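Take a look at the structure set out below.
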C-alpha cells in the first residue's frame with residue numbers, strides 16, 4: 001500500500017495526454033441518495049437533449065474520442081467510459097447505481113464528457129503509478145468483466161501491474177463500501193487547455209465533497225502532462 005503514490009505519464013505519451021489528479025481522504029461511502037436527487041434530473045436532460053441523434057453528434061464527445069485516436073485506438077470499438085455512459089442514456093436506459101463515490105464520478109464524467117479513473121488508494125501497490133500503453137498480454141479482470149485487454153491502449157500501472165484505464169477499471173482497485181481513501185484521475189487529450197482541465201478538477205473536487213462521501217478532504221494534486 002502506498003500512502004499517496006505519485007502519478008506520471010510515460011515519455012512516449014507526453015504531448016499526447018494530460019491528467020488531472022485528486023486524492024480523497026476519510027471517504028465515507030453511502031448509497032448516494034443526496035446525489036441522485038440531482039443526478040436523475042441531469043440524466044433525463046441529457047437523454048432528452050440528444051433523443052434521436054447519433055452518439056457522434058453529442059457535444060464534446062469528439063474530445064474523448066481524440067484521446068483514443070491519438071494513440072491509434074478506434075473509440076467506436078473501445079469506447080471512453082464517458083461515451084459509454086452517454087450512449088446508455090440516449091438509448092433510454094438508466095445508469096447503474098453503485099454507491100455515492102462511484103456515481104458522483106459518473107456524474108462528473110457526463111458533465112464535461114471526459115473519462116475518469118477511480119481507484120481505492122489502499123489497494124494500489126508501490127510509491128508511483130504511471131500511464132502508458134499496454135504491451136501484448138497486458139490486461140486485468142475488470143469490474144463486471146472477465147478480462148479487459150490493454151494491448152496498445154491506455155493503462156495505469158502500479159508495482160503490481162495494470163489496474164485502470166479510461167475505458168474500464170480493474171476489480172483489484174475498485175471502490176467498495178469499505179473504501180476509506182481514493183485516487184481520482186481525469187484523462188484528457190493534449191488539445192484540452194490546462195486551465196480548462198483545472199476547472200474540471202475543481203468541479204470534481206466540489207462534487208465529491210458534496211455528494212461522494214469525500215467531505216472536505218479532497219485534494220487537487222494538479223496536472224500531469
Q: Would you mention how many residues in the stretch 84-97 are within 15 Å of the chain's Cα centre (by Cα) and either crowded, with 18+ Cβ neighbours inside 10 Å or under 17 Å from residue 210 (Cα atoms) (or both)?
A: 2
(Q) Would you confirm, using the coordinates I've provided, whether residue 144 is under 18 Å from the mean Cα position of the chain (by Cα), on the phi > 0 side of the Ramachandran plot and surrounded by fewer than 20 Cβ atoms within 10 Å (Cβ to Cβ)? (A) yes
Q. Tell me, which residue of the stretch 127-158 that is in a loop (DSSP other than H, G, I, E, B) and touching a residue at least 60 places away in the same chain (Cβ under 8 Å) is farthest from residue 224 (Cα to Cα)?
A. 152
Q. Which members of the stretch 179-198 meet the condition of being in contact (Cβ under 8 Å) with a residue 12 or more places away in the chain and more than 17 Å from residue 3 (Cα to Cα)?
A. 186, 187, 188, 189, 190, 191, 192, 194, 197, 198
Q. Restricting the search to the stretch 159-205, which residues are assigned to a loop (DSSP other than H, G, I, E, B) and within 18 Å of residue 75 (Cα to Cα)?
A. 165, 166, 167, 168, 169, 190, 191, 192
Q | Residues that are under 19 Å from the mean Cα position of the chain (by Cα) and part of a helix (DSSP H, G or I), drawn from the stretch 1-35 | A | 13, 35
Q. Checking residue 48 against (1) within 27 Å of residue 154 (Cβ to Cβ); (2) surrounded by fewer than 16 Cβ atoms within 10 Å (Cβ to Cβ); (3) free of Cβ contacts under 8 Å to residues at least 24 places away in the same chain, which test does it fail?
A. (1)
Q) Looking only at the stretch 51-74, which residues are in contact (Cβ under 8 Å) with a residue 60 or more places away in the chain and not in a helix (DSSP H, G or I)? A) 70, 71, 72, 73
Q) Can you name every residue in the stretch 85-100 that is assigned to a helix (DSSP H, G or I) and in contact (Cβ under 8 Å) with a residue 40 or more places away in the chain? A) 86, 89, 90, 100
(Q) Take the conditions surrounded by fewer than 15 Cβ atoms within 10 Å (Cβ to Cβ) and within 17 Å of the chain's Cα centre (by Cα) and apply them to residue 78. Does it pass? (A) no
Q. Which one of these is under 23 Å from residue 40 (Cα atoms), touching a helix residue (DSSP H, G or I) at 6+ places or on another chain (Cβ under 8 Å) and modelled with pLDDT of 95 or more: 131, 110?
A. 110
Q. What number of residues within the stretch 51-65 are surrounded by fewer than 16 Cβ atoms within 10 Å (Cβ to Cβ) and touching a strand residue (DSSP E or B) at 6+ places or on another chain (Cβ under 9 Å)?
A. 0
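The values are calculated or read from the model by the stated rules, or taken from the named source; none is laboratory data. Every value quoted in this text rests on a predicted model; they were computed, and no experiment measured them. All Cβ positions, glycine included, derive from the backbone under ideal geometry; neighbour counts span all protein chains shown.
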